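**Q** Below: one structure in structure tokens.
The values are calculated or read from the model by the stated rules, or taken from the named source; none is laboratory data. Remember, predicted model here, so these are calculated numbers, not experimental data. Counting neighbours? That spans all protein chains shown, and the Cβs are built from the backbone with ideal geometry, glycine included.
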């Protein structure tokens, strides 16, 4: 379900990671001298999301870019491209990704799965016409989802804070090095621009269903995205064995034990228990938060500008 | 894919329904409660087109009320923020939450293309709850894992959470509801819920 949309984000990351670093760097520098004063809401900081103000603005910025740029192009792609071709394109990039899946199988010592994934890659690349047809699926070899962030988690690296990256979407402190490695290990990174453009189109087109669902179901799309992203990642990391039981225990604990202190953390904390503690143990530097807030403001302003541009264009048309 | 997404979320959407008391009928086991609910859901999907939105809503309402502990869910979803609500506000929330849950099922489970639920396992939790593990088989797509958490209410078992492919509906909702209550307040929460119900009924 969500997996596709977030996989899509991952793939976008592959492509744009390099520029993002530069963008963030510049913004942080530029906004260093900008006036501050982000309205402080009296909201308890979520330990998993200490940069919520920054993240929310970034989320809004990404949404604007998506609705004015990515979505129109993706809709056009979906409209002109026959379904079988879209499936072929999806299979092709998915197959390339399996190089990285195999590497991470090995890094996580999942050797049996690594063998099967190697077979999958070989079968689809040969009989599957370079990956256009998912032959392995009909043999019963399911696509596995492994990446370097999962490997880092298996190695014991803590998740760190939740971050929404410009253009790239939801991630975590651990997810950034993860994506960099995945980008480097994906053959699609080393081909020309047109292929990468198709890859991005494919990612966005595949995320359509999930994004529509969020739009329909979420009362607070930012929180909805954050929670489902973190839970989804957690589920991948633990290969579906995430602590469903703990979840219930914690939620019930809040009810049974009338202890406001223990109940103050949101459900996400109970879900990501380990990581939350780690975050809490390293108090966030106030200056860092401020810088993030300032950067987020500039994104907010950019957002407003895009909206203005849009409305101007509308007026012109009229 | 879209279907898988829908299924997952929809399940989740339900819980918060109104405080209609869960009446103890003949004592069913946790597994029976879940399987009965799943069967009713599949049934609604099969008749989805003929029933239309209103028909699905009416049919699914019964099924949800008879299988979920909506009171408890509504309390969990607002978490600590619930302590700040007046009795009237809590009642209002129960009411709209229940409508939202049923509406989202009615909106999302509208057609049938060969899906079926398969029971996997049942286990007891340390606090006297039961988790029923199952999955939904979708033709030509990856199966979706559904874990139901049940607690005993009086003498009957009631669903209080559904975890679809590792995403806990209750945890997701709780984060959303408490955040909105903290940032925007009670009225905004109710308005947002009503807006969603409206959208569901239109599509």
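**Q** Among the residues of region A:215-225, which ones are more than 8 Å from chain B (Cβ to nearest Cβ) and either surrounded by fewer than 19 Cβ atoms within 10 Å (Cβ to Cβ) or closer than 17 Å to residue B:77 by Cβ (or both)?
**A** A:215, A:221, listed by residue number.
**Q** Still on this structure, please answer the following. Examine region B:114-131 for a residue that is in contact (Cβ under 8 Å) with a residue 60 or more places away in the chain and within 25 Å of residue A:219 (Cβ to Cβ), and state whether such a residue exists.
**A** no
**Q** Continuing with this model, one more query. For residues in region A:126-154 being away from chain B (no Cβ under 14 Å) and free of Cβ contacts under 8 Å to residues at least 24 places away in the same chain, which is surrounded by the most Cβ atoms within 10 Å (Cβ to Cβ)?
**A** Per the stated criteria, the residue is A:135.
**Q** So is residue B:103 within 13 Å of chain A (Cβ to nearest Cβ), part of a helix (DSSP H, G or I) and under 17 Å from the mean Cα position of the chain (by Cα) or not?
**A** For residue B:103, the condition - within 13 Å of chain A (Cβ to nearest Cβ), part of a helix (DSSP H, G or I) and under 17 Å from the mean Cα position of the chain (by Cα) - is met.
**Q** Next question, about the same structure. Being part of a loop (DSSP other than H, G, I, E, B), at pLDDT 70 or above and at the interface with chain B (Cβ under 7 Å from one of its Cβ atoms), is that true of even one residue in region A:227-240?
**A** Within region A:227-240, one or more residues are part of a loop (DSSP other than H, G, I, E, B), at pLDDT 70 or above and at the interface with chain B (Cβ under 7 Å from one of its Cβ atoms).
**Q** Could you please let me know if residue A:181 is under 17 Å from residue A:77 (Cβ atoms) and away from every other protein chain (no Cβ under 11 Å)?
**A** No, not satisfied.
**Q** I need the full set of residues from region B:81-108 which are over 21 Å from residue B:158 (Cα atoms) and surrounded by fewer than 21 Cβ atoms within 10 Å (Cβ to Cβ), in order please. Explain how you work it out, then say what you get.
**A** First pass over region B:81-108, keeping only residues over 21 Å from residue B:158 (Cα atoms): B:81-89, B:92, B:107-108.
Once the filter is applied, which keeps residues that are over 21 Å from residue B:158 (Cα atoms) and surrounded by fewer than 21 Cβ atoms within 10 Å (Cβ to Cβ), region B:81-108 yields B:81, B:82, B:83, B:84, B:85, B:86, B:87, B:88, B:89, B:92.
**Q** I would also like to ask the following. One residue is enough: does region B:5-25 have a residue meeting the conditions modelled with pLDDT under 95, surrounded by fewer than 20 Cβ atoms within 10 Å (Cβ to Cβ), within 13 Å of chain A (Cβ to nearest Cβ) and within 24 Å of residue B:139 (Cβ to Cβ)?
**A** The answer is no; no qualifying residue exists.
**Q** Considering only residues that are in contact with a strand residue (DSSP E or B) (Cβ under 8 Å, 6 or more places away or on another chain) and either closer than 20 Å to residue B:193 by Cβ or more than 10 Å from chain A (Cβ to nearest Cβ) (or both), look in region B:131-142 and name the one that is surrounded by the most Cβ atoms within 10 Å (Cβ to Cβ).
**A** B:132
**Q** Within region A:197-214, restricting attention to residues that are crowded, with 19+ Cβ neighbours inside 10 Å and more than 18 Å from residue A:67 (Cβ to Cβ), which residue is nearest to the other protein chains (Cβ to nearest Cβ)?
**A** Result: A:202.
**Q** Is it the case, given these coordinates, that residue B:142 is in a loop (DSSP other than H, G, I, E, B) and in contact with a helix residue (DSSP H, G or I) (Cβ under 9 Å, 6 or more places away or on another chain)? First the steps, then the outcome.
**A** Values: in a loop (DSSP other than H, G, I, E, B): yes; in contact with a helix residue (DSSP H, G or I) (Cβ under 9 Å, 6 or more places away or on another chain): yes.
In short, yes.
**Q** Examine region B:110-125 for a residue that is out of contact with any strand residue (DSSP E or B) (no Cβ under 9 Å at 6 or more places or on another chain), away from every other protein chain (no Cβ under 11 Å) and closer than 26 Å to residue B:28 by Cβ, and state whether such a residue exists.
**A** Yes: region B:110-125 contains one or more residues that are out of contact with any strand residue (DSSP E or B) (no Cβ under 9 Å at 6 or more places or on another chain), away from every other protein chain (no Cβ under 11 Å) and closer than 26 Å to residue B:28 by Cβ.
**Q** Could you list, in sequence order, all residues of region A:78-89 that are touching a helix residue (DSSP H, G or I) at 6+ places or on another chain (Cβ under 9 Å), surrounded by fewer than 18 Cβ atoms within 10 Å (Cβ to Cβ) and part of a helix (DSSP H, G or I)? Spell out how you get there, then give the answer.
**A** At the first step, the residues of region A:78-89 found to be touching a helix residue (DSSP H, G or I) at 6+ places or on another chain (Cβ under 9 Å) are A:78, A:81, A:86, A:89.
In the following step, the residues that additionally are surrounded by fewer than 18 Cβ atoms within 10 Å (Cβ to Cβ) were identified as A:78, A:81, A:86.
Result: A:78, A:86.
**Q** Out of (1) under 22 Å from residue B:63 (Cα atoms); (2) surrounded by 17 or more Cβ atoms within 10 Å (Cβ to Cβ); (3) more than 7 Å from every other protein chain (Cβ to nearest Cβ), what's the single condition that is false for residue B:152?
**A** Exception for residue B:152: condition (2).
**Q** Next question, about the same structure. When only residues in region B:161-187 that are more than 7 Å from chain A (Cβ to nearest Cβ) and out of contact with any helix residue (DSSP H, G or I) (no Cβ under 6 Å at 6 or more places or on another chain) count, which is surrounded by the most Cβ atoms within 10 Å (Cβ to Cβ)?
**A** By that ranking, first place goes to B:184.
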